[in-house]
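Report on the following structure.
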Amino acid sequence: MKNKKFWVWKNAADESPDAERVLELNGTIAEESWFDDDITPAMFKDELFAGSGPITIWINSPGGDCIAASQIYSMLMDYRGDVTVKIDGIAASAASVIAMAGTKVLMAPTALMMIHNPATAAFGDHEDMQKAIEMLSEVKESIINAYEIKTGLSRAKLSHLMDAETWMNAHKAMELGFSDGVLEDEKKSVAPMESYAFSSKAVAAALMNKLVAKAKPETKPESEPKPEAPAGRSVEELKAHLETIKKYM
């Protein structure tokens, strides 16, 4: 059975070794495990270094294996030619790490970039859980290294952005240093775009505050008779339902 590749060289057969090559990274990074199969990273490295000219990398990926992303990032950083990254859909999670290896990073006006904390599954006693926490902390620090080199932002700022699971449009990513420009149609004049960053945790917290405010009874002077409590759900019930909703956000 052949390995399932998540990359495609569009013009790898060009006769000139210095011709600009186009690489497409689509879908989940490392659909086949890079832990069990040494051929997969070796294949990518062989294809990458088969030429010496500039490379354009198109990225549309929700992310995937952070180890695979680290290997691709390192290979691209070691490549001597110019590496232009163009994000036409999404560069999320591990895919955003790969994007940081670009000599120049450009995003389509409709593209998105997302950064967040690494995640894993763990099983065992409290010592096993503590080891998992320590491992995730080290993985996060390694990811911050790539973001810090590209953006120049402080590690504390980058850590906060990852904690909040931050989504960025093209202009917000450029404002924060994650990208260098916006892909534009030279045939048309493009109106300025508004930059924005979206935090799912901030949205959930705002919704929780609104629910709690609505559920709290109005305070009245002691002299007035207290009306009977209206039928409905308690604050605790509303919070429980919100936690259920958050799982699907």
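Here, each number is a calculation from the coordinates, and none is a lab measurement. Note that the structure is predicted; figures quoted are calculated from it, not measured. Cβ atoms come from the backbone with ideal geometry, glycine included; neighbour counts cover every protein chain shown.
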For residue 29, the residues 5 or more places away or on another chain with a placed amide H closer than 5 Å to its own amide H are 63, 64, 65
Filtering chymotrypsin sites (Phe, Trp or Tyr not before Pro) in the stretch 123-171 by DSSP loop and by at most 13 other Cβ atoms within 10 Å leaves 123
Listed by chain and number, the residues whose amide H is under 5 Å from that of residue 183, excluding neighbours fewer than 5 places away on the same chain and using placed H, are 107, 108
Percent of all Cα-Cα pairs per 10 Å bin for the stretch 1-151, counting from 0 up to the last occupied bin, reads 11, 39, 34, 12, 4, 1
Given a Förster distance of 41 Å, the FRET efficiency implied by the Cβ-Cβ spacing of residue 184 and residue 117, rounded to the nearest 0.05, works out to 0.80
If each part is reduced to its alpha-carbon centroid, the stretch 67-110 and the stretch 132-154 end up apart, in Å, by 16
